[in-house]
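One structure is given below, encoded as structure tokens.
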Amino acid sequence: MALEEHRQHVIATSVYVGIWAVLMVLTGVTVLVSFIELGDWNIVLALTIATIKATLVVLFFMHLYYSSTLTKVTMIAAIFFLFLLLALSMTDYLTRAWLTNPGH
Amino acid sequence: MATSDIEIAEHALQHHFADMDQQKESSTFGMWLFLVTEIMFFGGLFCAYLIYRSTYYPAFVAGSQTMNIWLGATNTAVLICSSLSMALGVRCAQTSKTKMMVVLLLITIVFGFAFLGIKAVEYHEHWTNHQFPGPNFQFEGAEAAGVSPQNIQIYFSLYWAMTGLHALHMVIGIGLVTWIVIAGWRGAYSPDYYSPVENVGLYWHFVDLVWIYLFPLLYLISKKHGG
Amino acid sequence: MASQVDGLYFFLVAVSAFFTLLIFLLVLFFAVKYRHTAHPKSEQIEGSLPLELTWTLIPLGISMIFFAWGALIFFQEARPPRGAMEVYAVGKQWMWKFEHETGQREISQLHIPVGRDIKMIMSSQDTIHSFFVPAFRIKQDVLPGRFTSTWFHPTKVGTYHLFCAEYCGTEHSGMIGEVVVMEPTAYQAWLANGGAVGTMAANGKELFTQLGCATCHRPDTQGRGPNLVGVFGKPVQLEDGRTVMADENYVRESILNPQAKVVAGFKPIMPTFQGQVTEESLGALVSYVKSLAQPQQKAEGGAPPAAANQSN
Amino acid sequence: MATAVQTTVETQNYLNNGYDLKSWLLTKDHKRIAVLYLLSITGMFFVGGFFAMLIRLELLTPAGDLVSSDTYNKLFTMHGITMVFFFLIPSVPAVLGNFLVPLMVGAKDLAFPRINLLSWYLYIIGAMFALVSMVMGGVDTGWTFYTPFSTTYSNTHVVGTALGIFITGFSSIFTGLNFIVTIHRMRAPGLTWTRLPLFCWSNYAASLIMVLGTPVIAITILLVALERLFHIGVFNPALGGDPLLFQHLFWFYSHPAVYIMILPGMGVISEIVTCFSRKRVFGYEFVALASIAIAVLGFLVWAHHMFVAGISVYAALVFSLLSYLVAIPSAVKIFNWTATLYKGSIRYDTPMLYAFGFIGLFTIGGLTGVFLASIGVDVHVTDTYFVVAHFHYVMVGGMVLAYMGGLHFWWPKMTGRMYPEGWAKLSALLVFVGFNLTFFPQFILGYMGMPRRYHAYPPEFQVLNVLSTAGASVLALGYVLPMIYFVWSLRYGKLAGPNPWNAVGLEWMTPSPPPTQNFEETPVVTWEAYDYEHQPDEEVPVGH
């Protein structure tokens, strides 16, 4: 069948289940870690784990790993512009207190 | 199946596309672009969250400590399971296992309702505790925690807005999966034409993805008491 | 300041006029010279990298001059000089309320002496307004819930327009007033007839006692709240490890949302005064706290000299 | 009108393919949807124009004597909302883009025809929300919806209007999404990216902004509605919120939105300038990439609307610096168009007159934008008539002129008939003169210190305001004329033929009006864009 060769890559069921298991374990880890007081590192750790989970979901459940470059660029662009929104807004909030007392 | 795979594909080819390849690529790319808009849509809320969290950190800690971590964690697990059944369902569509696909998608729907049910329990609890922004907002122990109830209200405003919008996406997702189940049952899809299944799958995983971030940001801010 | 802004402005006008004329004349010249009837066959030209670079890099270079020049002016505008005379302003729909340090109040009219630096400390009691005096080339939005400030240095006696430049509702265009710049002697005379009941700092001190602040914030020793003598304008170590500058906004926040920034070594026990103090009272309280940090001029300030000495 | 002979000659095209209402309202044909958009945005343009006339009449005298201050506030608010969200943003993309992008890439339709139709319905629903809110008493927040005024102090129909904008936002998102997918996936064989017409490039760039920016305004406007309904405190300083957060989120979209408006207009100008100087565009790659650069850099500059709003001094410096960068690609475009004229063979048909007007006025609009990026000067002129003049030079002098030029250029393609050239030239002249008379005095007013959104003003500003109002009446005449002769031309205009301008580009290789399927067979492209060198230089058959 001519159409056959264009069909998308089929990922093995075991990969899906494996990813699922990792995601479940990471969910457990993130909950457990949250009970340990690590100061600023709590949020860093929580977001790192969330990002690992999100990456796994995007790459495998959403097949980005097997998708065209265009799709990958699209996803990266979205993250980039979200980052711009957050980072450039923060340039205001983080530096508002800098210039409060008179100069000279 | 009454119709062969090829017939399904020929029937599904819209007049303005040259071939199935072009149609499928367009449809998938369109879906990803739509997800980009969804990311930016939630992005506005994440921006507000980031700014207020850095401004009113103790209030956010106090607010997050009223969250039930176990319900939140369970819901995270429920969504991950639903994503698995969704992914396997799409795989069945790729491999012509229509019945199995329908079953897996039904399981996905069940997980979806489970998530909403648990969320409803949490919402109910917040509602009865007056943890809903507005004139009736109350937060017991704000003074003891040494934070202004007003700032905790901002935490709850963002909590309700973010999880509410997420829940709305879940409801829409359940509707879409139901549509796929019905169409799939009627034999609308084949390995050469399953873009709707795949796209609804992408949407579902995206909604899961948002929750993966909402959970640590809203529930796990800090366990330390007394701000 | 006005002359500096004008300098940059007319530089911008000159550069813009040059480029506008350049484009206009080129378009006109080409359009006439190569009109269809005179030049029936077009000649294909692909483009030219050197030209592209020229008209990318030259505008970039010129715009960097604009940036640097504009930024320098802005930095000056953003940093009020030390020793500026301070005037508190409260914007409300649809009027300006001013209060001088010496306690005179006026509405939508601002009397100031010529030749002095004037710093405006402004807040709004409803929506966003904007303090705009075109003659001084300054503009600053006036926000609810926060102090913003700007400054100027009037050099000529006269009466100038004051506008609200941020849309604020029905009578936005009626939220206007005038800035009256006077000779210093005339200003002193005006102050004398101003009907002031005590200086702002003195009024602030009275409020400080009335509201019960003084029971915890004792002037002689550290009470349940920190001693405020000599605090203003200096960095403050917070309980959570951060350091903040004790400026007008810090004092405001400490009154309205005391738990947000708790001073190191103290408990978050202070109640909020939100809803109990007006914007004007806040100004007076800020002025009082400020006066506690200026022990040497405190004859009229209201701070007990003994306390000031002890803190040093 | 159609005799028996003509009906046999008349070939099937998108216009005569069904005449009943259903064939229009349920159409999935991008060309019909473009016509639906044309009718709807023209309606909204005249609604917005009506408000503008009342504003100018009120400002004829210093005292606020024609309408009450509340009415005046509603007028400029509704003028802004109508023009920005319901005319400028959809204008070139949703009308000309919808019609032309598939034709230019050699496709039968946009990638998602049903979503395209949905997008028009969303526009109509959004417009209905806005119009109903206006009829019920209007809204007085300014088109910018600044908090806390919009959330706490305004007593007008903020939520209804906000929902209208929210819904219309999705119309814009779907249009952008459709364009991006179409341009990526549906180009005809041989039509590489470097052979793509610049109109497609610029619509592609604008679509990027629609897809990336519009969702942010959607959520922001939703939060405003929630704040108003439930007092959630996110933007309300009395509840601990920060009103500047609203401004950040608002301008994150609304500054790039300016480029949604101007970029497609720039695309139109590239098409017109090349056609009427019979030349390949000078520096094709630079013009194309400048569009993308504007789209991306446009996202980095939003806080230059907030220099005096109380943001951090350091953030202001960063945003000022970045703001200059976005000016560069616009300058590059201007220079390239000018260079394209060099050694061309230039005709002065109406579209070209509009293009000349665009180049001149956009140059002024762009350069005065540089004034506003320069913080020291911005402090003085922001929120004055200087800003009003600046953005009207860009939006009206730039965008509307480009739209009008494009409409004249492709009118024969869309309808199969020519507009009357003499009247069109007269109207172009009226628009140019009227526009400058209206808005140039406002630069001076702004520098003198007249704040915007003022119902009454000090008497020393009157002379310039009278000039401005006089110009506005000339401008209005310039806009009403085309309405009349375009309608007239539908019946009495000369038949255009497939290529009245002897232009290159796939859209000219199919009959006018195009058949429903656009092309008899999918074209194969073997030539570069704007290949006027190999276009036989025959005398233009009609319209002269």
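The values are calculated or read from the model by the stated rules, or taken from the named source; none is laboratory data. If you're wondering where the values come from, they're calculated on a predicted model, not measured in any experiment. Reconstructed Cβ throughout: ideal geometry from the backbone, glycine too, with neighbour counts over all protein chains shown.
Figures for the structure shown
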quantity	calculated
Qualifying residue in the stretch D:206-220 (condition: outside any helix (DSSP H, G or I), modelled with pLDDT of 95 or more and more than 14 Å from chain C (Cβ to nearest Cβ))	no
Count - residues of the stretch D:273-309 that are in contact (Cβ under 8 Å) with a residue 60 or more places away in the chain, at the interface with chain C (Cβ under 7 Å from one of its Cβ atoms), buried (at least 24 other Cβ atoms within 10 Å of the Cβ) and part of a loop (DSSP other than H, G, I, E, B)	5
The stretch B:152-183, residues that are more than 13 Å from chain D (Cβ to nearest Cβ) and among the hydrophobic types (A, V, I, L, M, F, W, C)	B:167, B:170, B:171, B:172, B:174, B:176, B:177, B:179, B:180, B:181, B:182, B:183
Number of positions in the stretch D:221-245 that are closer than 18 Å to residue B:138 by Cα, within 14 Å of chain C (Cβ to nearest Cβ) and in a helix (DSSP H, G or I)	3
Leading residue by the ranking (surrounded by the fewest Cβ atoms within 10 Å (Cβ to Cβ)) among those in the stretch D:148-182 that are more than 9 Å from every other protein chain (Cβ to nearest Cβ) and not in a helix (DSSP H, G or I)	D:155
Set C:74, C:98: member being surrounded by 14 or more Cβ atoms within 10 Å (Cβ to Cβ) and facing chain D (nearest Cβ under 10 Å)	C:74
Residue B:103 being more than 8 Å from chain D (Cβ to nearest Cβ) and surrounded by fewer than 22 Cβ atoms within 10 Å (Cβ to Cβ)	yes
Residue D:312, sole failed condition from (1) of a type in the set (Ser, Thr, Tyr); (2) more than 7 Å from every other protein chain (Cβ to nearest Cβ); (3) surrounded by fewer than 23 Cβ atoms within 10 Å (Cβ to Cβ)	(2)
Some residue of the stretch C:253-266 being under 24 Å from the mean Cα position of the chain (by Cα) and away from chain B (no Cβ under 14 Å)	no
Considering residues of the stretch A:40-80 that are facing chain B (nearest Cβ under 9 Å) and outside any helix (DSSP H, G or I) only, the residue surrounded by the fewest Cβ atoms within 10 Å (Cβ to Cβ)	A:68
Some residue of the stretch D:173-189 being among the β-branched types (Val, Ile, Thr) and in contact with a Gly (Cβ under 7 Å, 6 or more places away or on another chain)	yes
Residue check, residue C:233 over 21 Å from residue C:97 (Cβ atoms) and among the small types (Gly, Ala, Ser)	yes
Condition check for residue C:69: hydrophobic (A, V, I, L, M, F, W, C), farther than 26 Å from residue C:156 by Cβ and at pLDDT below 95	no
Verdict on residue D:362 being surrounded by 24 or more Cβ atoms within 10 Å (Cβ to Cβ) and more than 18 Å from the chain's Cα centre (by Cα)	no
Filtered residues of the stretch C:14-57 (kept if hydroxyl-bearing (Ser, Thr, Tyr) and not in a helix (DSSP H, G or I))	C:34, C:37, C:42, C:48
Spans of helices (runs of 4 or more DSSP H) in the stretch D:17-123 with at least 1 residues in contact with a Cys (Cβ under 8 Å, 6 or more places away or on another chain) and buried (at least 24 other Cβ atoms within 10 Å of the Cβ)	D:98-105
Matching residues, the stretch B:52-81, being closer than 30 Å to residue D:244 by Cα and assigned to a helix (DSSP H, G or I)	B:52, B:53, B:54, B:55, B:57, B:58, B:59, B:60, B:61, B:62, B:63, B:64
Test: residue in the stretch D:503-512 that is in contact (Cβ under 8 Å) with a residue 24 or more places away in the chain, touching a strand residue (DSSP E or B) at 6+ places or on another chain (Cβ under 9 Å) and not in a loop (DSSP other than H, G, I, E, B)	no
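Conditions (1) under 26 Å from residue D:211 (Cβ atoms); (2) in a helix (DSSP H, G or I); (3) touching a residue at least 40 places away in the same chain (Cβ under 8 Å); (4) not basic (Lys, Arg), marked per residue:
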{"residue": "B:21", "(1), (2), (3), (4)": "yes, yes, no, yes"}
{"residue": "B:27", "(1), (2), (3), (4)": "yes, yes, yes, yes"}
{"residue": "B:46", "(1), (2), (3), (4)": "yes, yes, yes, yes"}
{"residue": "B:50", "(1), (2), (3), (4)": "yes, yes, no, yes"}
{"residue": "B:83", "(1), (2), (3), (4)": "yes, yes, yes, yes"}
{"residue": "B:111", "(1), (2), (3), (4)": "no, yes, no, yes"}
{"residue": "B:115", "(1), (2), (3), (4)": "no, yes, yes, yes"}
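Yes or no, residue by residue, for (1) in contact with a strand residue (DSSP E or B) (Cβ under 6 Å, 6 or more places away or on another chain); (2) surrounded by fewer than 20 Cβ atoms within 10 Å (Cβ to Cβ); (3) part of a loop (DSSP other than H, G, I, E, B):
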residue: C:82; (1), (2), (3): no, yes, yes
residue: C:86; (1), (2), (3): yes, no, no
residue: C:89; (1), (2), (3): yes, no, no
residue: C:106; (1), (2), (3): yes, yes, no
residue: C:131; (1), (2), (3): yes, no, no
residue: C:140; (1), (2), (3): yes, no, no
residue: C:149; (1), (2), (3): yes, no, no
